[in-house]
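Reading through the structure tokens given below for one structure.
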Amino acid sequence: METLAEQGVTVLFKADAERMRDGVRPWTFVANGVPFHEDLLVRTDAASVEACLQVCLPQLRARGLVIPE
């Protein structure tokens, strides 16, 4: 995530206690910032941090961001 921040991207990971209790995708990943258009962001809700990254990192790479493996 440090690499994304260095490229002007703000990253937020959130664990929602209510959704965790309900068994509904408690993790949220949101990334936005300078490399994107003002109204564009990358976001997903998932069961784990790893699942969030599996969805969002390819999208960020497709937009030209450099993210180490």
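A single entry from Asp45, Asp22 fulfils the requirement of being among the acidic types (Asp, Glu), surrounded by 15 or more Cβ atoms within 10 Å (Cβ to Cβ), out of contact with any helix residue (DSSP H, G or I) (no Cβ under 6 Å at 6 or more places or on another chain) and farther than 15 Å from Ile67 by Cβ: Asp45.
When Pro58 is tested against the conditions (1) open to solvent by 40 Å² or more (accessible area, probe 1.4 Å); (2) part of a strand (DSSP E or B), the lone failure is (2).
The values are calculated or read from the model by the stated rules, or taken from the named source; none is laboratory data. Just so it is clear, the structure is predicted and the values come from calculations on it, not from any experiment. Heads up, the Cβs are rebuilt from the backbone with ideal geometry, glycines too, and the neighbour counts pull from every protein chain shown. These area figures cover heavy atoms from the full protein model, side chains too; ligands, DNA and RNA do not enter into them. Shrake-Rupley method; radii C 1.70, N 1.55, O 1.52, S 1.80 Å.
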